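Asks: The structure under discussion is supplied below as structure tokens; questions concerning it will follow.
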Amino acid sequence: ISPAKKMAGDTDSFAVAGLPAVLEQTERLKAALQGMSPAELQALWKCNDAIAKLNAQRLSTMELRRRLTPAIFSYEGIQYRYMAPGVMESAQLDYLQEHLRILSGFYGLLRPFDGVTPYRLEMQAKLPVDGHRDLYGFWGGALACRLAAETDFVLNLASKEYSRAVAPYLPNSVRFFTC
């Protein structure tokens, strides 16, 4: 599934199971973002002044290894509200951890209980990092490779923006079905 733009931090309700698998890449993205001016960030994020100010503040104090929220509880978009992980029982949450993956422009590929901190970075952002002109180039086939190592069937519920980061790179041995 896709992430959501709106995020919250809750470090008390549920424990994280671990850190995102490709945190070194996330650190490079964070450094690139922190090297930008507030005006450049607002242009990259394509948002209003209040949202830009909030996310610039988050970025300035961001820690990737402390004070984290499980990803499934951090995103506040409509699909997360309807999924309602906060009312699930432990067996249902275990199922999500095993079968659900969240695509992220900032974190790459997340398991539901990977610890994240609120950020703003959409996959289609034109953020030049490591010689790549955008996040599609930065992530390349890495996200598809991680998925293919876990499964031979992907049920795609992500937006076109996010599925575009995976679909072209999956090997033929992985069935990819979009609803």
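The values are calculated or read from the model by the stated rules, or taken from the named source; none is laboratory data. This structure is a prediction, so every number in the text was calculated from the model and none was measured. For neighbour counting, all protein chains shown are included, and Cβ atoms are generated from backbone atoms with ideal geometry for every residue, glycine included. Ligands, DNA and RNA are excluded from the accessible area calculation, which covers all protein heavy atoms including side chains. Shrake-Rupley method; radii C 1.70, N 1.55, O 1.52, S 1.80 Å.
Asks: Run down Ala43, Ala50 and say which single residue is within 19 Å of Glu161 (Cβ to Cβ), open to solvent by 60 Å² or more (accessible area, probe 1.4 Å) and more than 15 Å from the chain's Cα centre (by Cα).
Replies: The conditions single out Ala43.
Asks: If you check Arg28, Arg65, which single one turns out to be open to solvent by 80 Å² or more (accessible area, probe 1.4 Å), at pLDDT 95 or above and assigned to a loop (DSSP other than H, G, I, E, B)?
Replies: Being open to solvent by 80 Å² or more (accessible area, probe 1.4 Å), at pLDDT 95 or above and assigned to a loop (DSSP other than H, G, I, E, B) holds for just one of Arg28, Arg65, which is Arg65.
Asks: Tell me, which strands (runs of 3 or more DSSP E) wholly within segment 71-179 include 2 or more residues that are open to solvent by less than 10 Å² (accessible area, probe 1.4 Å)?
Replies: Correct list: 102-104, 108-110.
Asks: Output the qualifying pairs, or none if there are none: Cβ atoms under 6 angstrom, residues six or more apart or on different chains, first residue in segment 7-31 and under 17 Å from Gly86 (Cβ atoms), second residue part of a helix (DSSP H, G or I) and of a type in the set (Ser, Thr, Tyr).
Replies: The qualifying pairs are Met7/Ser74.
Asks: Oh, and also: If a residue must be within 17 Å of Ala4 (Cα to Cα), in a loop (DSSP other than H, G, I, E, B) and hydrophobic (A, V, I, L, M, F, W, C), how many such residues does segment 31-62 contain?
Replies: 1
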